[in-house]
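Notes follow once the structure below has been shown.
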Amino acid sequence: MGQLDLVEVSHTYHSKRGETLALKDINLQVNEGQFFGIVGPSGSGKTTLLSIMAGVLVPSKGRVLLNGAPVQAGKVGYMLQRDQLFEWRTIWRNVLLGLEIAKNKTPDSVAHAEELLRKYGLWEFRSRYPGELSGGMRQRAALIRTLVLKPQIVLLDEPFSALDFQTRISVAEDVHAIIKNEGLTAVLVTHDISEAISLCDRIAVVTARPATIKSIFEVSIDGNSLERRENPQYAAMFKRIWKELDVYAEDNVFNRTPSVS
Amino acid sequence: MQKITYSIEHRRFLNVQKRRTVVIRLLQAAVLVAFLGLWQILADAEVIDSFIASSPAKIWQTFADLCRGDLWRHVLTTLYETVLSFVLSFAIGTTIAVLLWFSDTVRRVAEPYLVVINALPKIALGPIIIIWVGAGIKAIVAMAILISVVITTINTLTGFISVSAEKMLLMRTLHANKWQTLWKLVFPANLPTVMACLKISVGMSWVGTIMGEYLVSKAGLGYLIVYGGQVFNLSLVMCATVVLCVLAALMYVLVALLEKVVNRCIGL
Ligand SMILES: Nc1ncnc2c1ncn2[C@@H]1O[C@H](COP(=O)(O)OP(=O)(O)O)[C@@H](O)[C@H]1O
Ligand SMILES: [Mg+2]
């Protein structure tokens with residue numbers, strides 16, 4: 001048993017237009033301290049999977065266990081696509097949002113928030129508004145907003161997809177370093193294979209909808225994300241995952257035999 | 001703050017812009033002066049009948065007489081009614097919007113009624129209002145509230161509902177309850193909407209108050225207008241209308257200022 005376990009999880013969305021099977025028989029084990037990646041085509045059900053892990057969505061079938069027990073409020077941190085900082089709050093008040101909601105704004109927890117901001121270089125920007133910060137700093141502030149609640153595990157849903165390519169790599173490295181430094185477990189969802197290889201220890205590839213676990217890769221490349229990207233093993237790994245992921249391979253222009261007419 | 005020095009070219013560009021603004025302001029004033037002047041000349045030359053069309057001089061005369069008389073009483077009455085209905089319709093509209101936001105079921109039940117009430121020309125309810133609350137300031141305020149409360153409710157509710165799904169999800173991941181979501185996300189996110197809505201609402205309150213005064217009143221600018229019409233004193237009608245114009249514009253400017261201040265405060 002790992003820190004986070006998904007047992008036979010399936011999920012169906014019901015709407016007026018019909019039902020959508022988004023997840024089918026997902027079994028996953030995420031171990032403590034791991035940086036776990038989930039890669040899959042968009043629309044496959046990755047966000048659904050994370051919402052279930054975070055406890056904001058109850059699966060139609062199956063169980064989610066955190067340390068062997070059902071998930072409790074505040075134990076799982078969730079970082080969304082785009083930072084979702086509130087424009088009308090300063091960075092400091094954005095960071096305190098979770099504490100206010102949990103009615104846990106004690107001197108201790110506020111001191112912890114301050115410590116995190118100082119440690120990760122945002123203390124001088126505490127009275128700025130999100131609009132005045134760069135994309136990378138905003139993302140860091142969003143991460144700290146999550147960390148303030150002292151979660152055991154952090155879920156990241158394509159948190160870098162809104163950033164441009166260059167910032168993306170450095171922000172990803174930044175977030176990765178912070179999570180490792182805090183000794184947290186993380187689950188990162190992405191459709192970017194290179195991002196997954198450069199950050200994760202283990203990568204699960206999911207199929208197109210309904211998402212099922214297709215295969216799991218161990219990433220044996222060491223170092224930070226830049227070092228990993230330069231490692232000769234990186235390309236080989238990329239290729240393996242790409243092959244697993246490419247559900248339309250048979251349909252690919254390069255694979256198609258020209259028809260004779 | 002470091003003082004920015006622009007290139008000569010840019011300064012020239014700015015100068016041209018500034019000059020254009022001045023020219024436009026002058027032209028705007030000129031249009032008004034020309035209009036009033038022409039009106040006065042035509043009235044003096046008896047090309048137009050100043051008994052029906054009045055004239056700027058006559059209107060000014062009426063205004064001066066009214067100032068010595070009880071203009072203030074009329075102005076204050078109308079202002080009081082307008083501000084009261086503006087504040088009340090804002091409070092009532094927002095409260096209803098909050099209630100409807102809280103419950104999907106209630107909202108869906110209320111939807112067709114809101115649509116119908118919104119489509120109804122509220123003046124049609126005049127007689128009912130008078131019978132229910134009596135002829136007087138109460139009826140006027142009730143009328144004005146009725147006219148602006150529905151649009152306030154609908155606009156505010158639309159704003160509440162259109163808070164981004166992702167921000168709502170964020171609140172869910174933080175396990176916020178509905179009240180917390182309302183206070184910490186929905187209200188602040190909608191301050192700009194509410195402010196924009198206030199600007200519409202202010203106009204509606206004027207419409208409602210004047211309409212109410214047409215129906216029942218013993219004082220107020222609407223009363224002056226109706227009374228002037230009845231005794232064929234067109235100068236009085238136009239004078240009251242001009243005063244109304246000025247007051248409505250002032251109130252709009254005030255709300256627009258408030259909007260600016262609030263938006264600045266929340267960092268927009
Ligand atoms: N609330 C919902 N109601 C109905 N269908 C949904 C809902 N949310 C997501 N879906 C559907 O479920 C599928 C998976 O969505 P999602 O988990 O967001 O995929 P991904 O994050 O991998 O892009 C999509 O086809 C989407 O249309
Ligand atoms: Mg998604």
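Any read-out appearing in this document is the output of simple, stated calculations on the displayed coordinates, not a laboratory observation. Just so we're clear, the structure is a prediction, and the values are computed from it rather than from any experiment. Here the Cβ is made from the backbone with ideal geometry for all residues, glycine too, and neighbour counts use every protein chain on show.
For the set A:Lys75/A:Lys214; B:Lys122/B:Lys260; A:Lys46/B:Lys184, the pairs lying more than 30 angstrom apart at their alpha carbons are B:Lys122/B:Lys260. Centre-to-centre, using Cα atoms only, region B:147-173 and region A:58-120 are separated by 24 Å.
Once the Cβ-Cβ distance of B:Gln61 and B:Val23 is raised to the sixth power relative to R0 = 35 Å, the FRET efficiency obtained is 0.55. Over the C-alpha atoms of region A:13-81, the Rg to Rh ratio, Rh being the Kirkwood estimate, stands at 0.96.
3J(HN,Hα) along region B:229-236, derived from phi through the Karplus expression 6.51 cos²θ - 1.76 cosθ + 1.60 where θ = phi - 60°, amounts to x, 5, 9, 6, 9, 5, 5, 5 Hz, with x in place of Gly and Pro. Karplus-derived 3J(HN,Hα) values for region B:246-263, using 6.51 cos²θ - 1.76 cosθ + 1.60 with θ = phi - 60°, are 4, 4, 4, 4, 4, 5, 4, 4, 4, 5, 4, 5, 4, 4, 4, 4, 4, 4 Hz; glycine and proline are entered as x. Here r is the Cβ-Cβ distance between A:Lys105 and A:Glu182 and R0 is 30 Å; the resulting FRET efficiency, rounded to 0.05, is 0.90. For helix B:137-161, report the angle its Cα long axis makes with the longest principal axis of the Cα atoms of chain B; keep it between 0 and 90° and round to the nearest 10°. Tilt of helix B:137-161: around 40 degrees. How are the alpha carbon pair distances in chain B distributed across 10 Å bins from zero to the largest one, expressed in percent? Per 10 Å bin, starting at 0, the Cα pair percentages come out as 6, 20, 24, 21, 17, 10, 2, 0. In the protein assembly as shown, the alpha-carbon atoms span a convex hull of 300 Å³ per residue. Neighbouring Cβ atoms from other chains, within 10 Å of the Cβ of residues in A:80-91, number 4 on average. Hey, what did region A:4-246 get for relative contact order, percent, Cα under 8 Å, at least 6 apart? That works out to 28 percent.
Separation of region B:1-64 and region B:193-218 by C-alpha centroid, Å? After rounding, the separation between the Cα centres reads 28 Å. For region B:33-98, the average shadow cast by the Cα convex hull is 7.2 nm², which is a quarter of the hull's surface. For region A:4-246, the average shadow cast by the Cα convex hull is 13.7 nm², which is a quarter of the hull's surface. What the Cβ-Cβ distance of A:Asp25 and A:Trp242 gives, at R0 = 30 Å and to the nearest 0.05, is a FRET efficiency of 0.75. Placing pseudo-labels 7 Å out from each Cα toward the beta carbon at B:Arg68 and A:His14 gives an inter-label distance of 8.0 nm. For the segment B:163-174, counting C-beta atoms of other chains within 10 Å of every residue's C-beta and taking the mean gives 6.
In this simple spin-label model, placing a label point 7 Å from the Cα along the Cα-to-Cβ direction at both B:Lys218 and B:Leu79 gives a separation of 2.2 nm.
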